[in-house]
Amino acid sequence: MSYIKPKFRHPRLQKNALGFTVADYDGAISTLCAGCGHDSISAAIRNACFESAIPPHRIAKVSGIGCSSKMPTYFLGKSHGFNSVHGRMPSVATGASLANRALTYIGVSGDGDTASIGMGQFIHLIRRNVNMTYIVANNGCYGLTKGQDSATADLGSVAKGGAVNPFDGIDLASLAILQGASFVGRSFSGDKEQLEPLIRAAMAHNGFAFIDVVSPCVTFNNHTGSTKSYSNTREHLEPMALDFVPMREEIRTQYAEGSTQSVTLHDGSVIHLHKADSGYKTDDRMGALNAIQSGNDADRILTGLLYLDPNSKDLNTNLNLATRPLNELGRRELCPGSKVLDSINEGLR
Amino acid sequence: MKKIKGINDFVVKFANVNGTGSASANHLFAKAIFRMGIPVSPRNIFPSNIQGLPTWYEVRVSAKGYLGRRGGVDLMVCVNPQSMEKDVASVEPGGYFVYDSTKPLAPHLKRDDIHYFGIPFTQMCMREYPNPRLQQLLKNVVYVGALAAFLDIDFSVLKGLLNDQFKGKERLISSNVHALEMGYHYARDHFKCPLPIRLKKGGNSAPHIRESEHILMNGNTAAALGAIYGGATVAAWYPITPSTSVVDAFSQYAERMRIDPGSGKRNFAVVQAEDELAAIGVAIGAGWNGVRAFTATSGPGLSLMSEFLGLAYFAEIPVVLIDVQRSGPSTGMPTRSQQSDILAAAYASHGDTKQVLLFPATPRECFDMTADAFDLTERLQTPVILMSDLDLGMNDWMSPPLEWDDDYQMDRGKVLDAQQLDEVEKWGRYLDVDGDGICYRTLPGTHPDKGAYFTRGSSKNEMAVYSESGDDYVQNVDRLLRKFETAKKYVPRPKTHDPIPVKNPKTDLKLGALFFGTSASPSYEAVEMLAKEGYPIDTMRIRAFPFHASMDAFIHSHDLVFVIEQNRDGQMRRLIINECEIPPGKLVSVLNYSGTPITARKIARIIRETLQSDDAKANVVPLHSETV
Ligand SMILES: Cc1ncc(C[n+]2csc(CCOP(=O)(O)OP(=O)(O)O)c2C)c(N)n1
Ligand code: SF4
Ligand SMILES: [Mg+2]
């Protein structure tokens, strides 16, 4: 059991634009192993929702099965959550978002939940561009079933028992970009400076936003030899720093000319990217794929906002769905009445 | 030689090649009889193939209004040389065989107990039409013309139908009428018309059909309309015969009836999912979030949905599933009908699960029960499965017209809104406040700080907090069982009819018959046949699972109860034995699982043989049905 929330800390009394404190975004106490990367992601999601001042009850949390999929219990206790079945959260999220397009949807999954049993649903979720934030807590193993290799375990990475993984790992970020995801980011559970703004930007994005978060499993996959251990990840990280400025906040921060690049999202929010190196373009799919791949080849994990199409058309738009949430419609809008039925009968005589 | 006689009471069968346009001509034939006011029931018997294989269309005409299959063929129209041998053999002695005589009939196809009518359809069309496609299409219309002469079909009705079908396209109308006339005149000129089997306008002696002005429609379209009227807004599916046309029809109606007048946008969403797991997942996600959602599938899809059905049962999420059954297992015979998903659906999923099932027997019931299913699923907070089948779903059935009560109020079940959440003293998602096993749910986004909870497939306590305590688990699953008891109050009751009086009964046994869905029509007919022979049989038509208490009573009050169904293992019989406190030996299976719908004659024969066997006299159940 680990406590992600120290009880007395000053910033917890601060209020966001809606007057909520960060405690209003807390969930239940985590039952994951102490030090599990997933808890840091929970904290980052909580902080991101607080910072972005989204009313907690207007967020719906969905997940599959796994240690990672348990996470939604540990943040946003005032939001409804749905812990569905292994690998099938994408379909549940699709239905939920169609039923009420006015809520913000956060999906949390694991590398097993997404890259193995759920691969089909994941790819189709991207294809449909469901308006949601989808976070994979990627530890390269199946935590909940005690440490088996997952499909994202890197080639040559060594399991706790010493077995060497003979298969190439699936790179979820590349895959998402290839399939046309309109927002793709990657981060590390320990890098809250990067992860929090990335989550905020993902939630502001209109369409499917995917974040692959390397999240070490301290119990089964945090030893030397594992490429998803804390030490290995820290050593090989190649982070792009970023800031997120929501639409309603005036821009207070000033950035030195030339060192930042700004991207405006559909809703008017702005993402500022601080480039270590110059030339990375978030709207260049081929460039993004190349950069990720060259990173992988050089044993570097490129993190940050990897690809963004701020003008993507989400599923609601493509289905030409009415603006009013479907779950608010009643008999008057839905039931055509007896006269219409009579004319249908007439056509069948 | 004997000639089969009969006015408004015979079976015509067409032997065609699929993909040749015969379907619309055959439909024209059946619809003309329907418009003449004579009870008719057409059935497609088709292969799992798009083009080039044998396909049949069987039309039963029955003044008494029997809409199930009778068995046997009185008049065969054979335009497919591939299947001719089998088709000749299937005609009843004294029956009629119409064939394409462009090529002479092979000698081995000559029977001396049936009547042959050779018409050179192909040759006539080659002569008349320059274009090969037209030759093929209109050949079908020519044989309908010939049948108009043979059976005395009202020509003006046929013309009226063509007018409706090709509204405004004069050229098409006149070429079709011309083809009809060609066939008609050929038959008149070469044979004595009409035949001893023939039609007579308005010759309908079926009281139940005369009562209301009937319609001709298939069950899938009716179910789709039921979903529209029931207020479904999210449909997710993966194509599979024979359920595909449910969602197709839903989409078409929704495009017409569910467009927001202000914005022109859709007040519905249809998702063609990547597979059936996703299809039901979408519907469950939508149901969780407060809309009426459904999916439609057939056997293999039902299997794929099984894990999610377990989740929806345990997490108590409303969702409607329309299962249009076909022959299994596996792909089985995908275009043939069966009632063989009963057990798979009733106990769908791992762990202790029981699902609510509805069994429609007519398109009207497909409509009513689908609309009701949405009330039921939200009232009970559990999946509701409509058990249709290929025969009902894809064939046209005469049905009482669809009716709608404009005062209907949706029953959204126990859902608390923000105000109610403020007023309620203590709320727990799984607190059984009313003692009926149904608890109060809340929807995401309702209240700023009340009513949020976590939905999960794992165990929890009454306050929706994760719990692995054995007591919490037992309390929860026991409550689900209580809820299933409550369901009996809400699901449609079984139907019984007054017994048919029998003057000199041949048996002292009190006999009963249980059946459901498409087995009902031929069962009623078989029961009437047997009543005439001296076997009185009481009937009960099952319409839902959980079973109503009156079914136990029905079984208890009879010595022998026939359970008539269309699968190998007597699945309904087994379900009854499992669920009711009754002596299993009383239930005798009457089965048909060849893929073609069960016939009245077969039912009557099996029951007759059972009653005449020594076993039945000793009130002992025959061995073959003792396997439980
Ligand atoms: C259908 C099904 N198969 C298998 C399981 C067992 N199972 C539970 S969690 C899990 C793997 C989870 O791995 P991942 O998604 O990476 O989550 P982690 O625990 O690593 O965070 C498996 C195989 C299951 N719950 N359901
Ligand atoms: S087993 Fe691994 S993934 Fe699961 S809670 Fe423990 S550290 Fe986290
Ligand atoms: Mg994992």
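The values are calculated or read from the model by the stated rules, or taken from the named source; none is laboratory data. What you see is a predicted model, and the numbers here were worked out from it, not measured in a lab. Virtual Cβ from ideal backbone geometry, glycine too; neighbours counted across all protein chains shown. Ligands, DNA and RNA are excluded from the accessible area calculation, which covers all protein heavy atoms including side chains. Shrake-Rupley method; radii C 1.70, N 1.55, O 1.52, S 1.80 Å.
As for region B:522-534, it holds at least one residue that is in contact with a His (Cβ under 9 Å, 6 or more places away or on another chain) and open to solvent by 20 Å² or more (accessible area, probe 1.4 Å).
Has region A:28-36 got at least one residue that is more than 16 Å from ligand 3 (Cβ to nearest atom), touching a residue at least 12 places away in the same chain (Cβ under 8 Å) and farther than 24 Å from A:Tyr230 by Cβ? Yes, the conditions are met somewhere in region A:28-36. I need the full set of residues from region A:74-119 which are within 16 Å of ligand 3 (Cβ to nearest atom), under 16 Å from B:Ala278 (Cβ atoms) and not in a loop (DSSP other than H, G, I, E, B), in order please. Result: A:Met89, A:Gly107, A:Ser109, A:Asp113, A:Thr114, A:Met119. Every listed requirement among (1) away from every other protein chain (no Cβ under 14 Å); (2) more than 12 Å from ligand 3 (Cβ to nearest atom) is met by A:Thr145 save one, (2).
Checking each residue in region B:444-473 for being of a type outside the set (Ser, Thr, Tyr), more than 7 Å from every other protein chain (Cβ to nearest Cβ) and assigned to a loop (DSSP other than H, G, I, E, B) picks out B:Lys450, B:Gly451, B:Asn461, B:Glu462, B:Met463, B:Ala464, B:Val465, B:Glu468.
Of the residues screened, B:Ile284 is one that is at the interface with chain A (Cβ under 9 Å from one of its Cβ atoms), touching a residue at least 12 places away in the same chain (Cβ under 8 Å) and on the phi < 0 side of the Ramachandran plot. Take the residues in region A:322-349 that are open to solvent by 30 Å² or more (accessible area, probe 1.4 Å) and of a type in the set (Ser, Thr, Tyr), then tell me which one is nearest to the other protein chains (Cβ to nearest Cβ). Out of the qualifying residues, it is A:Thr323. The residues on offer are B:Ala373, B:Ala348, and the sole one that is outside any loop (DSSP other than H, G, I, E, B), touching a residue at least 24 places away in the same chain (Cβ under 8 Å) and touching a strand residue (DSSP E or B) at 6+ places or on another chain (Cβ under 8 Å) is B:Ala373.
For (1) within 14 Å of chain B (Cβ to nearest Cβ); (2) part of a loop (DSSP other than H, G, I, E, B); (3) within 16 Å of ligand 2 (Cβ to nearest atom); (4) without any contact (Cβ under 8 Å) to a residue 12 or more places away in the chain, each residue gets a yes or a no:
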site	(1), (2), (3), (4)
A:Glu193	no, no, no, no
A:Asn206	no, yes, no, no
A:Ala209	no, no, no, no
A:Asp212	no, no, yes, no
A:Val218	no, yes, yes, no
A:His223	no, yes, yes, no
A:Ser226	no, yes, yes, no
A:Arg234	no, no, no, no
A:Leu242	no, no, no, no
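For region B:80-103, a residue qualifies if it is open to solvent by less than 30 Å² (accessible area, probe 1.4 Å), in contact with a Leu (Cβ under 8 Å, 6 or more places away or on another chain) and not in a strand (DSSP E or B), and the qualifying residues are B:Met84, B:Val88. Only one entry of A:Ile65, A:Ile126, A:Ile106, A:Ile117 meets the criterion of being away from ligand 2 (no atom under 14 Å from the Cβ) and open to solvent by 10 Å² or more (accessible area, probe 1.4 Å), and that entry is A:Ile117. Considering region A:68-88, the residues that are more than 8 Å from chain B (Cβ to nearest Cβ) and over 16 Å from A:Ala44 (Cα atoms) include one that is surrounded by the most Cβ atoms within 10 Å (Cβ to Cβ), namely A:Gly87.
Conditions tested, residue by residue: (1) over 28 Å from A:Gly87 (Cα atoms); (2) assigned to a helix (DSSP H, G or I); (3) open to solvent by 40 Å² or more (accessible area, probe 1.4 Å).
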residue: B:Ile240; (1), (2), (3): no, no, no
residue: B:Tyr253; (1), (2), (3): yes, yes, no
residue: B:Leu277; (1), (2), (3): no, yes, no
residue: B:Gly285; (1), (2), (3): no, yes, no
residue: B:Thr295; (1), (2), (3): no, no, no
residue: B:Phe308; (1), (2), (3): no, yes, no
residue: B:Pro318; (1), (2), (3): no, no, no
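When A:Ala93 is tested against (1) open to solvent by 40 Å² or more (accessible area, probe 1.4 Å); (2) at the interface with another protein chain (Cβ under 10 Å from one of its Cβ atoms), only condition (1) is not met.
In this structure, is A:Asp299 modelled with pLDDT of 95 or more and more than 7 Å from chain B (Cβ to nearest Cβ)?
no
The sole residue among B:Ala224, B:Ala232, B:Ala249, B:Ala179 that is within 10 Å of chain A (Cβ to nearest Cβ) and of a type outside the set (D, E, K, R) is B:Ala232.
The single residue among B:Ser327, B:Ser263 that is more than 8 Å from chain A (Cβ to nearest Cβ) and either in contact (Cβ under 8 Å) with a residue 12 or more places away in the chain or open to solvent by 10 Å² or more (accessible area, probe 1.4 Å) (or both) turns out to be B:Ser327. Among the conditions (1) under 16 Å from A:Ala48 (Cβ atoms); (2) in a loop (DSSP other than H, G, I, E, B), A:Ile199 misses just one, which is (2). Checking each residue in region A:148-186 for being within 14 Å of ligand 3 (Cβ to nearest atom), open to solvent by 40 Å² or more (accessible area, probe 1.4 Å) and in a loop (DSSP other than H, G, I, E, B) picks out A:Asp154, A:Lys160, A:Ile170.
Go through (1) hydroxyl-bearing (Ser, Thr, Tyr); (2) over 25 Å from A:Ala44 (Cβ atoms); (3) out of contact with any helix residue (DSSP H, G or I) (no Cβ under 9 Å at 6 or more places or on another chain) for A:Ser116 and report which single condition fails. With respect to (1) hydroxyl-bearing (Ser, Thr, Tyr); (2) over 25 Å from A:Ala44 (Cβ atoms); (3) out of contact with any helix residue (DSSP H, G or I) (no Cβ under 9 Å at 6 or more places or on another chain), A:Ser116 is out only on (2).
Within the span defined as region B:104-118, one or more residues are assigned to a strand (DSSP E or B) and within 27 Å of B:Leu134 (Cβ to Cβ). Every condition in (1) within 9 Å of chain B (Cβ to nearest Cβ); (2) closer than 24 Å to A:Pro246 by Cα; (3) among the aliphatic types (A, V, I, L, M); (4) part of a helix (DSSP H, G or I) holds for A:Ala44 except the one numbered (1). Do we have any residue at all in region A:284-291 that's basic (Lys, Arg), facing chain B (nearest Cβ under 10 Å) and either within 27 Å of A:Phe244 (Cα to Cα) or surrounded by fewer than 17 Cβ atoms within 10 Å (Cβ to Cβ) (or both)? Checking region A:284-291: not a single residue is basic (Lys, Arg), facing chain B (nearest Cβ under 10 Å) and either within 27 Å of A:Phe244 (Cα to Cα) or surrounded by fewer than 17 Cβ atoms within 10 Å (Cβ to Cβ) (or both). The residue pairs whose first member lies in region B:398-421 and is more than 7 Å from chain A (Cβ to nearest Cβ) and at negative phi, whose second member is buried (at least 16 other Cβ atoms within 10 Å of the Cβ) and among the aromatic types (Phe, Trp, Tyr), and whose beta carbons are closer than 6 Å, counting only pairs six or more residues apart or on different chains, are B:Lys414/B:Tyr440; B:Leu416/B:Tyr440.
Tell me which residues, restricted to region A:134-147, are in contact with a Ser or Thr (Cβ under 8 Å, 6 or more places away or on another chain) and either near ligand 1 (Cβ under 6 Å from one of its atoms) or open to solvent by less than 10 Å² (accessible area, probe 1.4 Å) (or both).
Just the residues of region A:134-147 that are in contact with a Ser or Thr (Cβ under 8 Å, 6 or more places away or on another chain), to begin with: A:134-143, A:147.
Within region A:134-147, A:Tyr134, A:Ile135, A:Val136, A:Ala137, A:Asn138, A:Asn139, A:Gly140, A:Cys141, A:Tyr142, A:Gly143 meet the criteria.
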